[in-house]
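Let me begin by presenting the structure, written as structure tokens, before commenting on it.
The values are calculated or read from the model by the stated rules, or taken from the named source; none is laboratory data. What you see is a predicted model, and the numbers here were worked out from it, not measured in a lab. Don't worry about glycine lacking a Cβ; one is built from the backbone with ideal geometry, like all the others, and counts go over all protein chains shown. To get the accessible areas, we keep the full protein, side chains included, count just its heavy atoms, and leave off ligands, DNA and RNA. Shrake-Rupley method; radii C 1.70, N 1.55, O 1.52, S 1.80 Å.
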Amino acid sequence: MKYVIEHMEEGFSEWVILEYSQIIREVGKENLILTSLPPSTTEKDIPSRLSDLGLQWTTKECVDIDGGNIEKSKICLLDPAAEVDLVPEDNNSFDYFVFGGILGSHPRIDRTGILRRKYGLAGRRLGSLQMTTDTAIRTTQKIVKDQVKFENIEFLDYPEIRYNKYEATEMPFRYIVGEDGTPILPEGMLELIKHDAEQSIDDLLI
Ligand code: SAM
């Protein structure tokens, strides 16, 4: 089972670094590849936190990895607009699961559609709500690797992240609930969300 992220953001923001780092830790560096980096990319362009975790990356497109010998029918695009939901039995049909390396937006903009139109891959949905890329990969791994049905995964929709006694911010995504009952976020993400929120309040006060 290989997880493929088609990197569609420009460069690597802190948010993206935290998400990709968490994904590598959860699926293993040998099972993740970042594709479609700009043709001029060299190792120097990859943030050291990702290189240190062993990130595999390429300027090739997702359909051309592993020597370009992959059968297209073995590749699944995780697509919020697909008509069929992912099920545990899909592990028999697909070897590669492709995700958009896209930051979520609210309201949702269909940037996954770029991949849908470009590659014509089989698509599968993970329910009707938008997830972050790391949550989408975590959910896919639970379904195809751990063989847990989507309806048996516990989710939290649009959780509120409280960053001080008075203020909180609502995250417009669906998350998996962790053992402690809180949404699973990449390591360091809570601090980043709090920092960004405090920053925008400071900007308002200027
Ligand atoms: N606004 C975005 C779009 O273009 O669809 C949402 C991007 S989402 C933050 C990043 C990636 O996670 C998507 O490209 C898709 O591969 C996966 N994803 C997120 N939610 C999903 C869902 N409900 N079903 C299937 N895939 C999902």
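Accessible area per residue, 1.4 Å probe, Å², for the chain: what's the number?
53
Relative contact order for the chain: what is it in percent, counting Cα pairs under 8 Å that are at least 6 residues apart?
21
Let me have the 222 nm mean residue ellipticity of the chain computed from DSSP H runs of 4+ only, each contributing -39500 (n - 2.57), with the sum over all residues rounded to the nearest 500.
-8500 deg cm²/dmol
Would you work out the charge dipole size for the chain about its Cα centre, treating the Cβ of every Lys and Arg as +1 and the Cβ of every Asp and Glu as -1, and quote it to the nearest 20 debye?
The dipole of the chain has a size of about 600 debye.
Rounded to the nearest 10 Å², what accessible area does SER128 have for a 1.4 Å probe in the complete protein model?
90
Could you tell me, in Å, what Rg and Dmax come out for the Cα atoms of segment 97-149?
11.6, 31
Could you work out what % of the accessible surface of segment 1-103 is carbon and sulfur, using a 1.4 angstrom probe and leaving DNA, RNA and ligands out of the count?
With neighbouring chains kept in place, the figure for segment 1-103 is 47 percent.
What's the ranking of 77-83, 2-8 by average number of surrounding C-beta atoms within 10 Å, highest first?
2-8, 77-83
Rounded to the nearest 10 Å², what accessible area does LYS145 have for a 1.4 Å probe in the complete protein model?
Roll a 1.4 Å probe over it and LYS145 shows about 120 Å².
Based on the mean of other Cβ atoms within 10 Å per residue, sort peptides 111-119, 21-29, 63-71 so the most packed one is first.
Highest mean packing first, the order is 21-29, 111-119, 63-71.
Which residue, chosen from LEU156, TRP57, GLY113, occupies the Cα position most advanced towards the positive end of the dipole of the chain, where the dipole is computed from +1 (Lys, Arg) and -1 (Asp, Glu) charges on Cβ about the Cα centre?
So the residue furthest toward the plus end is GLY113.
Just to verify a number: what accessible area does HIS195 come out at with the full protein assembly present, 1.4 Å probe, Å² rounded to tens?
My reading of the accessible area for HIS195 is about 100 Å².
At 7 Å along Cα-to-Cβ for each site, give me the label-to-label distance between LYS194 and ALA168 in nm.
1.6
Given just the C-alpha atoms of segment 65-206, how large is their convex hull per residue in cubic angstrom?
Cα-based convex hull of segment 65-206, divided per residue, equals 144 Å³.
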